[in-house]
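In what follows, a single structure is set out as structure tokens and then discussed.
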Amino acid sequence: MGMGMEKKSVAIIGAGVSGLAACKHLLERGCRPVVFEADTVVGGVWAHTPDCTRLQTSRTMYQYTDFPWPDSVTEEFPNNRQVADYLNAYARHFGVLDCIRFGHRVAGMEYVGVAEEEVAAWDEWAGCADAFGSGNGKWRLTVADAQGLVQVHMADFVILCIGRFSNVPNIPKLPPGKGPEAFDGKVIHSMDYSKMGSQKAKEMVKGKRVTVIGYGHSALDIANECANLNGTEKPCTMVVRTKQWVLPDFYAWGVDISNFYLTRFGELLIHKPAEGFLLSLLATILTPLKLMLSKFAESYYSITMKKHDMVPDHSFFEGIVGCWVELAPKDHYKNLEEGSILIKKSKTFSFCKEGVFVEGESTLVESDIVIFGTGFNGDQNIKSMFTSNYFQSILIGSTSMTVSLYRDCVHPKIPQLAVIGYSESYANLHTSELRAKWLAHFMDGGFRLPSVKAMHRDVLEWEKFMKRYSHGEFRASCIGLLNNWYKDNLCRDMGCNPRRKNGIFAELFEVYGPNDYIDLHPKQG
């Protein structure tokens with residue numbers, strides 16, 4: 001045990017995939033956190049998703065290292081119910097459920113006990129590079145329960161696990177008179193759809209002309225649910241701004257593409273933050289190979305997409321780097337084929353009385369219900385937690401317009417606070433778990449953070465990488481391709497060997513997943 005962690009009060013906000021892992025790893029070290037969860041169940045986004053939602057990664061890539069899936073689940077891509085049950089079982093098994101206060105929403109938080117000017121001047125994180133600071137500063141949380149009663153809760157450390165996919169829907173701004181107010185039907189966001197529960201949602205869309213705006217994960221799920229219900233009688237229309245690589249499966253010409261993208265070999269083909277001269281040279285030399293692999297995947301996947309004129313404008317590789325590659329719902333291409341889903345492509349659209357006017361195709365799509373599947377504004381979600389204007393202003397990075405965090409976890413200038421599960425990766429759960437382990441070790445005095453300057457430098461290196469490969473379409477914090485490189489950093493911080501395989505061949509060409517980290521035990525510093 002480090003410096004009496006059992007005496008410290010830690011608050012975790014959110015009981016999704018990351019909040020559960022954070023709580024489990026702190027409990028292991030003798031600290032009893034309080035978890036505030038606005039919902040009445042654990043599992044975050046998994047608790048409310050359309051019925052046809054399934055995992056985007058295979059089951060073996062989406063599991064906690066110390067809690068395998070039950071034998072009763074045999075599907076490669078379990079569905080939303082199975083995932084929710086799995087998370088619930090994990091929380092029960094490790095005593096996490098006892099720490100959760102359901103129906104409690106944290107309305108705001110404020111750092112008290114140290115003047116803001118002093119915080120702003122610190123060269124070391126939290127003033128002394130210790131997780132809990134000097135002991136003068138604390139977080140004051142304003143917590144509202146289901147009845148609306150507001151309480152104040154003091155914490156020595158706060159872990160934000162609210163994720164990017166909740167609370168603040170991203171609704172496109174439309175000129176006055178052309179927004180939802182001009183339309184006679186019903187307009188909702190995918191978040192509202194999910195919260196209704198599948199029975200109610202299905203009753204709402206049955207026999208109705210539904211238009212879905214967007215082509216991301218929730219847009220695809222909802223459109224396919226409508227198509228399966230309404231068939232070609234009342235087809236569902238998707239208004240698509242940007243074509244994406246939506247894959248029927250992860251095999252191109254029979255080859256599993258994760259072999260190129262989730263291995264260390266794949267990582268050699270691209271430039272990495274702080275990689276040094278030799279690796280940089282290698283990535284430059286191997287650029288043609290990177291293009292070849294991208295073309296190889298494109299040649300296969302675009303066959304299906306060409307029929308519907310849905311081949312994206314960006315390369316497959318760029319899609320992977322930006323985390324824009326989606327696994328299609330089971331019958332997506334069949335539904336397109338038979339016409340129960342229609343696609344309209346357009347950068348802009350507007351509402352009118354009868355429905356949606358798609359400007360790119362200058363057609364009016366008559367609709368009864370319009371559903372925004374346009375994602376969430378994750379940055380706003382995190383920003384709105386802070387009452388201080390100073391913290392709000394430094395939260396978002398200067399170059400990236402995204403929350404800039406060292407190791408994707410701590411902000412160099414915000415003390416006694418960590419964020420887990422904000423950045424995206426294909427095996428979200430596994431990365432979050434490793435981060436939770438890293439954080440618990442740090443909080444227990446296992447290692448020290450570098451100076452504020454050094455952390456800022458590191459954050460800028462990562463942002464430079466994102467910019468380099470994402471051609472202006474720069475969307476935050478996806479470490480898709482650099483997942484192993486990122487995890488190596490966490491391992492080194494914890495004093496563990498980042499190389500987890502046997503032999504050089506396995507190290508280069510085998511996919512890294514949760515099973516490689518089962519016996520990872522941080523060294524006491």
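Just a few scattered comments:
- Positions within the stretch 190-236 being open to solvent by 10 Å² or more (accessible area, probe 1.4 Å) and polar (S, T, N, Q), in sequence order: SER194, SER198, GLN199, SER218, ASN228, ASN230, THR232
- The set of residues in the stretch 281-298 being open to solvent by 40 Å² or more (accessible area, probe 1.4 Å), touching a residue at least 24 places away in the same chain (Cβ under 8 Å) and either of a type outside the set (A, V, I, L, M) or under 19 Å from ASP249 (Cβ atoms) (or both) consists of PHE296 alone.
- Hey, HIS430 in the same structural domain as MET61 (by the TED database), modelled with pLDDT under 90, surrounded by fewer than 17 Cβ atoms within 10 Å (Cβ to Cβ) and touching a helix residue (DSSP H, G or I) at 6+ places or on another chain (Cβ under 8 Å) or not: no
- Cβ-Cβ under 6 Å pairs, at least 6 apart or on other chains, the stretch 265-280 side at positive phi and open to solvent by less than 40 Å² (accessible area, probe 1.4 Å), far side outside any helix (DSSP H, G or I) and at pLDDT below 90: none
- Per the listing VAL106, VAL96, the residue uniquely in contact with a Ser or Thr (Cβ under 9 Å, 6 or more places away or on another chain), crowded, with 18+ Cβ neighbours inside 10 Å and not charged (D, E, K, R) is VAL106.
- Residue match in the stretch 360-378 (condition: open to solvent by 30 Å² or more (accessible area, probe 1.4 Å) and touching an Asp or Glu at 6+ places or on another chain (Cβ under 8 Å)): yes
- Only listed residue being open to solvent by less than 50 Å² (accessible area, probe 1.4 Å) and free of Cβ contacts under 8 Å to residues at least 24 places away in the same chain, chosen from TYR90, TYR111, TYR86: TYR86
- Flag for PRO169 being in contact with a strand residue (DSSP E or B) (Cβ under 6 Å, 6 or more places away or on another chain) and not charged (D, E, K, R): yes
- The residue list VAL403, VAL365, VAL358 contains one member that is out of contact with any Cys (no Cβ under 7 Å at 6 or more places or on another chain), of a type in the set (A, V, I, L, M, F, W, C) and in the same structural domain as ALA120 (by the TED database), which is VAL403.
- Matching residues in the stretch 498-522 - criterion: being closer than 22 Å to PHE67 by Cα and more than 26 Å from the chain's Cα centre (by Cα): LYS501
- Taking the stretch 208-327 and the helices (runs of 4 or more DSSP H) fully enclosed by it, the elements with 2 or more residues that are closer than 19 Å to SER340 by Cβ and not hydrophobic (A, V, I, L, M, F, W, C) are at 217-230, 287-307.
The values are calculated or read from the model by the stated rules, or taken from the named source; none is laboratory data. Quick caveat, the model's predicted, so the values are computed rather than measured. Every residue, glycine among them, receives a Cβ derived from its backbone with ideal geometry; neighbour counts consider all protein chains shown. SASA here: full protein model, heavy atoms, side chains in, ligands and nucleic acids out. Shrake-Rupley method; radii C 1.70, N 1.55, O 1.52, S 1.80 Å.
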